[in-house]
Amino acid sequence: MKKNLTIKSVREMNSFAFAVARSLKGGETLALTGELGAGKTAFVKGLAKALGIKQVVQSPTFLLMKCYPIGKNQEPRINFQALCHVDAYRIKNGRELLAIGLGEKIGNPQTVTVIEWANLVPELIPKNAIKIKFEHGRNDTERIVSINHS
Amino acid sequence: MRILGIETSCDETAVALVEGKNGRVRELESLVASQIDIHAATGGVVPEVAAREHVSAIIPLVSTLLGKWSKRPNIDAVAVTAGPGLFSSLMVGVETAKALAFAWGVPLVRVNHIEGHLYSSAINFDAPIKFPALALIVSGGHTELILMKSHGSYRLIGRTKDDAAGECFDKTAQMMGLGYPGGPAIAKAALGGDPCTYVLPRPMLNEKNFDFSFSGLKTAVLYTIRNKHLAVEDPKIAANLSASTQAAIVEVLVEKTIRAALKFKIKTFIVGGGVAGNDALRAALVSRVKNNLPGVALRLPQKRYSTDNAVMIAAAGYFHAAKKDFISPLKIKADPNWELV
């Protein structure tokens, strides 16, 4: 499945993230690519909101990985327990992420893992990952998003 | 009191020994993994220490540190960063600290990494902290404003909603091709530039809260380069854009912090974290505290204590130990999400 979208506002980004969230069953990996400022973290914020996560999602560029518990009593019911937010921006070798425990998260049915700058660690991305590409649009508030899921 | 500090929350493996007495702390010795020759210390068994492979570095580091004295110094407590950070990284420090405390029969202190940054300005500083104190902790991974009512009593006043200030420096430096780490690179380039050249936003400056946001500024710098077709490889353009970017970051940090300082009627103003080493920020704070907060003591840490280190952890450990605020080695746990407040 491949789809292209033009997103013109934070609200539209949140709607897109909400739609993606609703399709998740647990165990998926979302591989996000796109330049600085293209909307990757904004998307994850929307995803977290859709999953009932109350904590503020900050950029994990320095921390590398941060996991959030899914909100309880979500409607419709969410069957996994955590969202793991990873950022490969500072990573030179995928091994570094494995050294901090990412291997236990990817594919774990209780977790959905979302990796920003996934293009920097291709060796870690499973073949069935949901690939989402973010691009700057024609003006400062516009973004082009393409989602690719085999 | 002599406190051994251990810090392994994220990138760096660090150990340190401090002497604390009458509310004052001084560094005796400190080491970070990137400084020592791990290859030599492990007898060639470990060919290379990759970033964050703390488990290989920690014991050689502790041995090397303590080996600097002909007789192992008496240690009164072990202090370790138990969070926040990366679980697998934190665990190395926590397990090592547990084992050392248990083997030596000394008490153990768990320290919050952010609290460590808060105490970085207490190191080698003669005057004790007068409360209430306001701390601006600003680094690559954190941007927080914390009110400190007394040792160990903290309240979060504001934090970043997205990117940390240090991260903003790093990413905008990358956009300009200035290299890593971005903060020092931008600060250096900015020396020759005019901060008024490019108009950049001061995000959340006028909102009636003490939160911050830097991702919009990051994007604004990108769009400035794109829309004005800036040739950032031209040193003059990079200098002007660096100066403009730095000015925006510093202005937001300083304005909101001064406002918080006035609101909470503080007596001491503390700065900590890697960005506390930025000269433009330091100069702006010195000037604004002098003009707007007369009588308030500004404590800037020595630059070597701004980036992640174990000396600050040991220092924080001293203040906990002074109140006998210990934890059993059987109870301490690494907590990647440990919120100080």
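Rule-based calculations on the coordinates, nothing more; no lab input. This one's a predicted model, so the numbers in the text were calculated from it and none came from an experiment. Using ideal geometry, Cβ is built from the backbone for each residue, glycine included, and neighbour counts are taken over all protein chains shown.
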What's the exposure ranking of A:His136, B:His229, B:His151, B:His113, going from fewest to most Cβ atoms within 10 Å?
B:His229, A:His136, B:His151, B:His113
Please list, in order along the range B:73-84, the HN-Hα scalar couplings obtained from phi with the Karplus expression 6.51 cos²θ - 1.76 cosθ + 1.60 (θ = phi - 60°), rounded to whole Hz, x for Gly and Pro.
x, 5, 10, 8, 6, 10, 10, 9, 6, 9, x, x
As a test of the formula, what do you get for chain B when each DSSP H run with n ≥ 4 contributes -39,500 (n - 2.57) and the sum is divided by the residue count, at 222 nm and rounded to the nearest 500 deg cm²/dmol?
-12000 deg cm²/dmol
Once fully extended, how much extra length lies between B:Ser63 and B:Asp279, figured as 0.36 nm per residue of separation less the alpha-carbon to alpha-carbon distance?
74.2 nm
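So if we plug the beta-carbon distance of B:Asp126 and A:Lys54 into 1/(1 + (r/R0)^6) with R0 = 60 Å, what FRET efficiency do we get, rounded to 0.05?
0.90
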What distance in nm lies between label points placed 7 Å from Cα along the C-beta direction at A:Glu142 and B:Arg26?
6.5 nm
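Give me the one-decimal Kirkwood hydrodynamic radius in Å for the range B:133-301, with the sum taken over alpha-carbon pairs.
After inverting the mean inverse Cα-Cα distance, the result is 16.0 Å.
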Neighbour-count order for A:Trp117, B:Trp104, B:Trp69, fewest beta carbons within 10 angstrom listed first:
B:Trp69, B:Trp104, A:Trp117
Kirkwood hydrodynamic radius (Cα pairs, Å) of the protein assembly as shown?
23.6 Å
Cross-link candidates for B:Lys218: which aspartates and glutamates have Cα within less than 12 Å, leaving aside residues fewer than 8 places away along the same chain?
A:Glu35, B:Asp162, B:Asp163, B:Glu167, B:Asp170
For the range B:204-341, compute Rh as the Kirkwood radius over C-alpha pairs and then the Stokes-Einstein diffusion coefficient at 25 °C and 0.890 mPa s; write the answer in µm²/s, rounded to an integer.
134 µm²/s
What residue among A:Val10, A:Ser59, A:Val121 has its Cα farthest toward the positive end of the dipole of chain A, where the charges are +1 on Lys, Arg and -1 on Asp, Glu, each on the Cβ?
A:Val10
What dipole magnitude, in Debye to the nearest 20, does the range B:133-301 give about its Cα centre under +1 on Lys/Arg Cβ and -1 on Asp/Glu Cβ?
720 debye
In degrees, nearest 10, the alpha-carbon axis of helix B:279-292 is tilted away from the dominant principal axis of the alpha carbons of chain B by 80 degrees
Using the 2.2 N^0.38 Å rule of thumb for compact globular proteins, work out how the range A:2-148 stacks up: its C-alpha Rg over that value, please.
0.97
State, as an integer percentage, the relative contact order of chain B based on alpha-carbon contacts under 8 Å between residues 6 or more apart.
25 percent
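Divide by every residue of chain A the summed helix terms, -39500 (n - 2.57) for each DSSP H run of at least 4, and state the resulting mean residue ellipticity at 222 nm, rounded to the nearest 500 deg cm²/dmol.
Details: 3 runs with 30 residues, N = 150.
Per the formula, -6000 deg cm²/dmol.
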Cα-based Kirkwood hydrodynamic radius, chain B, one decimal, Å:
20.7 Å
Pull up the cross-link candidates among the lysines for B:Lys267, meaning alpha carbon to alpha carbon under 30 Å and not fewer than 8 places away within one chain.
B:Lys21, B:Lys130, B:Lys149, B:Lys161, B:Lys208, B:Lys256, B:Lys290, B:Lys303, B:Lys323, B:Lys324
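Pairs of Cα atoms under 8 Å, at least six residues apart: use those to get the relative contact order of the range A:2-148, whole percent. Don't skip to the end; give the middle numbers.
Details: 281 pairs, mean separation 55.0, N = 147.
37 percent.
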Taking B:Met312, B:Met148 and counting other beta carbon atoms within 10 angstrom, the fewest-first order is B:Met148, B:Met312
So what's the gap between the Cα centers of the range B:217-237 and the range B:98-159, to the nearest angstrom?
38 Å
If I take R0 = 22 Å and measure r between the Cβ atoms of B:Ser287 and B:Lys188 in this structure, what FRET efficiency does the formula 1/(1 + (r/R0)^6) give, to the nearest 0.05?
0.55
Residue-averaged beta-carbon neighbours from other chains (10 angstrom radius) around A:60-67:
6
